[in-house]
1. So ALA30 clears everything in (1) touching a residue at least 40 places away in the same chain (Cβ under 8 Å); (2) out of contact with any helix residue (DSSP H, G or I) (no Cβ under 7 Å at 6 or more places or on another chain); (3) over 30 Å from THR198 (Cα atoms) except one condition, right? Which one?
2. Taking the options ASN125, ASN103, name whichever one is buried (at least 19 other Cβ atoms within 10 Å of the Cβ) and of a type in the set (S, T, N, Q).
3. For a quick check of your reading of the model, give me the residue pairs whose first member lies in segment 214-226 and is assigned to a strand (DSSP E or B), whose second is modelled with pLDDT of 90 or more and hydroxyl-bearing (Ser, Thr, Tyr), with beta-carbon atoms closer than 9 Å and at least 6 apart or on different chains.
4. Go over the candidates MET148, MET168 one by one and state the one that is assigned to a helix (DSSP H, G or I) and in the same structural domain as GLY66 (by TED's automatic domain parsing).
5. Specify the residue that is farthest from ARG220 (Cα to Cα); the eligible residues are those in segment 159-208 that are acidic (Asp, Glu) and at pLDDT 95 or above.
6. Before we move on, is ARG46 modelled with pLDDT under 95, within 25 Å of SER185 (Cβ to Cβ) and either loosely packed, with under 15 Cβ neighbours inside 10 Å or small (Gly, Ala, Ser) (or both)?
7. Could you tell me whether ALA108 is modelled with pLDDT of 95 or more and assigned to a loop (DSSP other than H, G, I, E, B)?
Amino acid sequence: MSPASDGTQQTCRNCTWRQRCLPAGLEGDALDRFERTVARRIGLERNGRLFNGGDRFELLYAIRTGEFKTECAAGNGMQVTSFGMPGDLLGMDGVGTGHHCGNAIALANSVVCVLPYADLSAAMNGQPALMRQFHAVLGRELARQQAMMLMLGHARATQRMATFLLDMRDRYTEHGERPRMFKLSMSREDIGTYLGLTTESVSRLLSAFRQSGLLQVNNRAIELCDETRLREMAENGEPPLLPAT
């Protein structure tokens, strides 16, 4: 980990993503008390590791800028388990066991706020609003993981890709991107392991979606051209991919 060139000197009070993060709804003295639980802010360059599987769990990390992936060992390789964006918490996989289950890797130059879990727990005991927000953030992540498990167990490849693109569109829109256009930070290999597909299948699906007029692709830049058909594909199964007219 290395010092970041910007973002590490800011506070929760002036953070753009405060309302998506733990201090959402906190004001005045309550916000000041939470700020004191933030041990420091650190920067990581792209591909930098925040923690590794097996590391002792002591800290949570709130993403301030940038993006991350989490991954766990699966068979002979690594399975991507989530993609984190500003306002998301990393490290909660270690709460139950005392050790991290997998790795957290920066997909872009990033800044995180470091929260010692013991200090955060003590702060929550005296601040019901903070405890409610912690549970809300935890519930949001659990709901996302449950939806992913259901999709991997029952959805076809085209459904998985359509659902992924719509979900990423929604998340990037929350973070200020244009509603129909966004740039993916993750590689096609990462997308494949996340969706349970090969890298080749991801490339073929994106090409088929493009040829059918559902989207435009320029390297990692995606523009959704027919959200209605994408949503039908995600919800109802696998309609034929017809050429755009």
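The values are calculated or read from the model by the stated rules, or taken from the named source; none is laboratory data. Everything quoted here is computed from the prediction, not taken from an experiment. As a convention, Cβ positions derive from the backbone with ideal geometry for all residues, glycine included, and neighbour counts pool all protein chains shown.
1. Condition not satisfied by ALA30: (2).
2. Details: ASN125 fails: buried (at least 19 other Cβ atoms within 10 Å of the Cβ).
On inspection, the qualifying residue turns out to be ASN103.
3. So the pair list comes out as VAL217/SER207.
4. Numbers: MET168 fails: in the same structural domain as GLY66 (by TED's automatic domain parsing).
Result of the check over MET148, MET168: MET148.
5. To start, the set of residues in segment 159-208 that are acidic (Asp, Glu) comprises 167, 170, 174, 177, 189-190, 200.
Applying the additional criterion that residues be at pLDDT 95 or above yields 189-190, 200.
Working: GLU189: 12, ASP190: 12, GLU200: 15 Å.
Per the criteria, the residue is GLU200.
6. So ARG46 fails the test.
7. Details: modelled with pLDDT of 95 or more: yes; assigned to a loop (DSSP other than H, G, I, E, B): yes.
Judged against the criteria, ALA108 is a match.
Table: residues versus (1) among the acidic types (Asp, Glu); (2) assigned to a loop (DSSP other than H, G, I, E, B); (3) touching a Cys at 6+ places or on another chain (Cβ under 6 Å); (4) not assigned by TED's automatic domain parsing to the domain that holds GLU71.
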residue	(1), (2), (3), (4)
CYS101	no, yes, yes, no
ARG144	no, no, no, no
THR173	no, no, no, yes
ARG204	no, no, no, yes
PHE209	no, no, no, yes
